[in-house]
Amino acid sequence: MPQTKQLHAKTQRVQRRQEEIEMDFASLHPLRLCVKKLGEQTTLAFLSQVFLSRWLFALLFTLKSAKSADEIEMGLFETEALVLRTYNLADADKIVVCLTRVNGLLRGVAKGSRRLKNRFGAALEPFTLLQISFYQKENQELVSLRNTEILKSHFNLSSQAETLAGLSYMAELVIEFSPPYQPNDKLFRMVKACLEAIADSPADLQTILRYFEIWLLKLEGFLPDMKRCSECRHLFNESETTFIGSDLLLRCSTCSLGKGKTFSKRLHVQLQATQRLGPSAFAEESRALSAKAVGEMANLTHQLIGRALDRQVRIRSTFP
Ligand SMILES: [Zn+2]
């Protein structure tokens, strides 16, 4: 029996030891350790800090998520675009003025484009044809350029001073005449076709510029009716003399009472040709024209543009 007592005592000792170990283990809980080490007051302060930080973190996270949603709401657009002009913005960025096929004339910020290594590369050179994607925020004029892919570079044209002046003149007129963010597919295609025609045959620059001016005036609603008398609506025939008044409107001999300048038949034919031919074909057909005939057309387009913009165009030297 003493053996049974001894065994019982041993079992009790083992149980007590097990309880002691459990208590020690429980005391190792971080919070208990904290209280033990720092005291109750300090622990309470520490815990408040922890919960406050967590709350601030949650708040910041919510705000960050809200910003992301906002960015999504901005809208991502993709379109073909022609670079018309660039301006420097701050130390590292540029503002790019483009004529786009889908969104009309737009101004976009190209972030980091002035840095030595940047993702835009040579894409922002004037007269480059691009495929672009951009973000646009509601009620904000400047868009944010995201990606640019060069479809066609016309960088080689910039080395010829006369061509460069002609292209700059075209770009200036497009910027002057086009209301921002008003899509005009015909205008985009016309400017693109003229640019390509100049690239193919730089010697035809002047006649292509006349073609461009006539179409720009027409598409923006500033080209007077060249087919009919502005008063009696009589349809002109090729053999009759027509008159152009100081208001730059065409009249038949009856309505004009012989006042105003006569409008040459050659100019009539030229104007009709702009309506049925593309810029390259028009330029080709105009090669046989005398300098006087080319000058007459330039004089007309120049006056019409000057009147439309209510001022004289700046790059007069590009006219023959
Ligand atoms: Zn008339």
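The numbers here are math on the coordinates, done by the rules we state, and not lab data. Not measured: the values here are computed from a predicted model. Positions of Cβ are generated from backbone atoms using ideal geometry, with glycine treated the same way; all protein chains shown enter the neighbour counts.
Brief remarks follow.
- Every residue from the range 220-249 that is out of contact with any Ser or Thr (no Cβ under 8 Å at 6 or more places or on another chain), of a type in the set (G, A, S), more than 9 Å from the ligand (Cβ to nearest atom) and farther than 17 Å from R266 by Cα: G221, S246
- Restricting the range 109-168 to residues that are surrounded by fewer than 13 Cβ atoms within 10 Å (Cβ to Cβ), aliphatic (A, V, I, L, M) and free of Cβ contacts under 8 Å to residues at least 24 places away in the same chain, the residue that is nearest to M190 (Cα to Cα): A161
Residue-by-condition table, conditions (1) within 13 Å of the ligand (Cβ to nearest atom); (2) of a type in the set (A, V, I, L, M); (3) in contact with a helix residue (DSSP H, G or I) (Cβ under 8 Å, 6 or more places away or on another chain):
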position	(1), (2), (3)
R251	yes, no, no
C255	yes, no, no
T262	no, no, no
R266	no, no, yes
V269	no, yes, no
